[in-house]
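Notes to accompany the following structure.
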Amino acid sequence: MFEANLNVHFFDSIGEDEFIEKEDKYFDFNYKDTYKMFVTFYKYNEDKPPIENTYFIYEIIIPVNLCDNHKLYLEFLPDGIFKLQDLLFNSNWHFFIEDIKGENDCYYKTHSEFIEQIIKIRHCYSNILTKFYRTRVIIWTDANYFTEEEFIHEHAIGRENKLGDNY
């Protein structure tokens, strides 16, 4: 999808007593660019052994050209959700809305400069999402919402999260 080779690093977050050891691996798909990918092992239930109780989170680093940021982290969760980490919007929803309204223009050269930055960020993540044939996105801020907890932090064996028309 990204027309890049992958340099994959594996990490074990299972615990002290058990350890999944896997060497780093380079996947050459004959592309000019190479992206880093991290695969981290976790346990669904800390009280059970890792066999049939392990899930993986895949994180790929995508080079971008956004303001002061030159990479985005795309994380694939075990239940069908994927997320872009650390988009350059204001992380506090209240301040982000104030930014859009122009109430914080004293922090920018002009309001149009801020809006152009937001459009550039949106265009960047839209291009990434179209590679997965996705048209909807949820943007969470620094609040701990119920849906964020349910979709992003709670993992269960065989669970697949989907957003229906009710969301």
Got a number for residues in the stretch 10-68 being among the acidic types (Asp, Glu), modelled with pLDDT under 90 and within 30 Å of Ile118 (Cβ to Cβ)? 1
Test Leu6 against the stated conditions and say whether it is modelled with pLDDT under 85 and under 23 Å from the mean Cα position of the chain (by Cα). no
Any idea which residue in the stretch 69-80 is modelled with the lowest pLDDT, counting only those that are outside any strand (DSSP E or B) and surrounded by 14 or more Cβ atoms within 10 Å (Cβ to Cβ)? Asp79
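For the stretch 151-164, indicate whether the set of residues that are outside any helix (DSSP H, G or I), acidic (Asp, Glu) and at pLDDT below 70 is non-empty.
no
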Go over the candidates Lys109, Lys83 one by one and state the one that is surrounded by 12 or more Cβ atoms within 10 Å (Cβ to Cβ) and either outside any helix (DSSP H, G or I) or at pLDDT 75 or above (or both). Lys83
So which of Asp28, Asp24, Asp47 ends up being under 23 Å from the mean Cα position of the chain (by Cα) and of a type in the set (Asp, Glu)? Asp24
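Any idea how many residues of the stretch 40-61 are of a type in the set (Ser, Thr, Tyr) and outside any strand (DSSP E or B)? Can you show your working first?
Just the residues of the stretch 40-61 that are of a type in the set (Ser, Thr, Tyr), to begin with: 40, 42, 44, 54-55, 58.
Filter again for outside any strand (DSSP E or B), leaving 44.
So the answer is 1.
The values are calculated or read from the model by the stated rules, or taken from the named source; none is laboratory data. Quick caveat, the model's predicted, so the values are computed rather than measured. Every residue, glycine as well, gets a Cβ built from its backbone with ideal geometry; the counts of neighbours run over all protein chains shown.
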